[in-house]
Amino acid sequence: MRYIFASIIQTDTSQSAQPVTIDSSSIWHHMSDALYQSLYRVLSLLIAILPGILAFFVALVVFTVVGMIISALLRRGLTWVKFDNRLTRYQVSTEWTPTHSPTELVARASFWGCVLLGLVIGVSAFDASYATGTTLPLTLLPYLTHAVGAILLLVAGNLIARFLARTVLIGAVNAQLHYARFLALGVKWLVLVVTAAMILDHLQIGGHVVELAFGILFGGIVLTLALAVGLGSRDLVSRSLESRAERTSERGVTPPPTGTTGASDKIRHF
Amino acid sequence: MMATANSIPDVTPSSAPAAVELLVMVASMPPNQLETLLSRLSETFATDRMLIAVPDAPADTHPTLRIIATPATKASWTLTAADFANSAELARKNDARAILMLGPEAASLTSTSLHDLANAILSSNTDLAIPLYQLPPYAGLVNSAILYPLTRALFAQSVRFPLAIDLGLSVRMAERLAAAANRFVALHQGDAIIWPVDEASTAGYSIHEVEVGPRTLPHPVEFDLNAILALVAGSLFADIDIKAAFWQRARPLTSARTPIPQPPMTEAAADIAPMLDSFRLAYTNLREIWSLVLPPNSLLGLKRLSSTDAAAFRMPDNLWARIVFDFLLAYRLRTINRGHLLGALTPLYLAWVASHINITASGTNSEHHIEAVAAAFEADKPYLVSRWRWPDRFNP
């Protein structure tokens, strides 16, 4: 009896254990297969992209180093030939007065030119590697190439905004406009808004929404400035025009240049 | 104003002329003024040894004078690079011994003044005869505030009007100035400003200051003070930059000058309120830009000034000297765009003018104050030289 029961239990156990053992190994097998395939795909993609990434960084590093060498050589060479002094002596235009010396500008321009060239070549290498590699879509690539242009736009926009804001501020202060800072701020934001719109357009983000938003924002800023200047300084403008007209009628058709800015006629600056 | 560099016609007098001793270059001026000037010249100098070059030759009203016409160029209130280039070329062609350059409104100069200017070159070894004008107290203020003190401190020349519009030149001085001018003329910048005193100092030529009495100064063509101040100060700063190797060597002043005697002030002082408004507005708005150029001490001084009443408004001489030197350094170092830099100088200059008017109104002789300002520039020259040589050690 005991043997029979034991055999039944054993049989049951063996009968019930048999399918469980078979199912578990099958699932694990499938799972491991799937995992292996995923891993294979990831590694394949990585292997396909890796040379491109490597090529990108190698190109960037090599051209940066080349840029540093060229920049240093140019700086030394131009200093040796007294390039700044010669250029000052034979200055073509007095209007263009950059913040840095011409030697420094040439050296920096050569360095950043090399870095930019490295970036372009790196991206090209990356692109070529991608094209010959995997068939998976890589939607980030267009953005990567456009991002370089966008960064340049951002830098240029910021520089122009700062330059124009400062120009307007100084000009407005010297013209004794009390809203000089406001005017400069308006100009700065106008340029920054234009820059932002250009960057988004360049990156192909937003589409028509950006154009529309830009038009509204730009128009809004211009209208605000026009209203602020027109309404806020109406008296100032009319007084200025009246005094100018009076001077013109008193002294002839064209006002003589006294060289004074609102001060008494007794003062002669030159 | 006078003539372009390459457009001077050949002089072919009818009869065999005597050698030209004096070449007189006359600026463009109205016919009545030109007539007066020609009469004075004919009274003052031997006409057979003088050649007069005028842009618009008058009708034959002075048959005894040898006059040649030079085509008029762009009108200017001061002598330009084209004028210097032309004068040297004409002097070379006519083998002149001395050149007398007369600017616009030169008819207001007396015969004695004309004689003294020319005679300084003809009868001595002087290379540059420069006039000492007797001007009203509030005239030529840019000259008093910046040009004269800077020239005196850096080039050790006590010439009161470094940008004089009448000059006596020896031939070698004219050649030297023409060499400097031709660089601009070649770049079609014939209206650039040339600094004769700086050139003469650098070349080691002798300079003689001649008292010419009162003179009517021409009005600048440009109406805007900011534009003219930027033009003149920028030109001087650039010239100082080029000649840095010369002026950095310490030199004693060649001769101590006595202030020009001035009649006591009879009329009321000029209104300084607009200038102070301009300065205060600038202090509110341009402080950030000034802080890039000026050290904290100067900014503190300006802060105090901005809250000072109009009646008590006085800019210390050493503060003004330090401001000009720091702007000169910023020009050299290109701390900010040079156009912006010179634009930011205008309100500070107006503050100095307001202070100068207040000081003279309180009884101080105008010339004494200008001499004190020049002395402050001289005293602060070591600061300029140090920062010029080692700018990083003295960053504001």
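The values are calculated or read from the model by the stated rules, or taken from the named source; none is laboratory data. Just so it is clear, the model here is predicted, and its values are computed rather than measured. Backbone-built Cβ (ideal geometry, glycine too); neighbour counts: all protein chains shown.
Side notes on the structure shown:
- Any chance A:Leu54 is over 15 Å from A:Gly122 (Cα atoms) and aliphatic (A, V, I, L, M): no
- When B:Leu350 is tested against (1) within 12 Å of another protein chain (Cβ to nearest Cβ); (2) among the aliphatic types (A, V, I, L, M); (3) touching a His at 6+ places or on another chain (Cβ under 7 Å), exactly one condition is not met: (3).
- Options B:Leu286, B:Leu294, B:Leu305, B:Leu299: the member that is more than 14 Å from chain A (Cβ to nearest Cβ) and within 19 Å of B:Gly339 (Cα to Cα): B:Leu294
- Residue match in segment A:205-223 (condition: within 30 Å of A:Val123 (Cα to Cα), touching a residue at least 40 places away in the same chain (Cβ under 8 Å) and more than 14 Å from chain B (Cβ to nearest Cβ)): no
- When residues of segment B:263-283 are limited to those that are at pLDDT 65 or above and more than 7 Å from chain A (Cβ to nearest Cβ), the one surrounded by the most Cβ atoms within 10 Å (Cβ to Cβ): B:Phe279
- Residues satisfying the stated conditions in segment B:138-171, i.e. within 13 Å of another protein chain (Cβ to nearest Cβ) and of a type in the set (S, T, N, Q): B:Asn143, B:Ser144
- Qualifying position, being under 29 Å from A:Arg166 (Cα atoms) and hydrophobic (A, V, I, L, M, F, W, C), among B:Ala361, B:Ala321, B:Ala312: B:Ala321
- In segment A:118-142, residue farthest from A:Met68 (Cα to Cα) [restricted to those that are surrounded by fewer than 16 Cβ atoms within 10 Å (Cβ to Cβ) and at pLDDT 70 or above]: A:Ala128
- Residue in segment B:233-248 that is assigned to a helix (DSSP H, G or I), more than 14 Å from every other protein chain (Cβ to nearest Cβ), surrounded by 17 or more Cβ atoms within 10 Å (Cβ to Cβ) and modelled with pLDDT of 85 or more present: yes
- Test set (1) under 14 Å from the mean Cα position of the chain (by Cα); (2) modelled with pLDDT of 85 or more - A:Leu203 fails condition number: (2)
- Filter pass, B:Leu328 being within 30 Å of A:Glu104 (Cβ to Cβ) and more than 12 Å from chain A (Cβ to nearest Cβ): yes
- Qualifying residue in segment B:80-103 (condition: surrounded by 24 or more Cβ atoms within 10 Å (Cβ to Cβ), in a loop (DSSP other than H, G, I, E, B) and in contact with a helix residue (DSSP H, G or I) (Cβ under 6 Å, 6 or more places away or on another chain)): no
- Helices (runs of 4 or more DSSP H) completely within segment B:311-396 that count 2 or more residues being under 21 Å from the mean Cα position of the chain (by Cα): B:317-333, B:338-361, B:366-379
- Residue check, A:Arg247 over 44 Å from the mean Cα position of the chain (by Cα), at pLDDT 75 or above, within 30 Å of B:Ala361 (Cα to Cα) and surrounded by 12 or more Cβ atoms within 10 Å (Cβ to Cβ): no
- Yes/no for B:Leu122 being surrounded by 23 or more Cβ atoms within 10 Å (Cβ to Cβ) and hydrophobic (A, V, I, L, M, F, W, C): no
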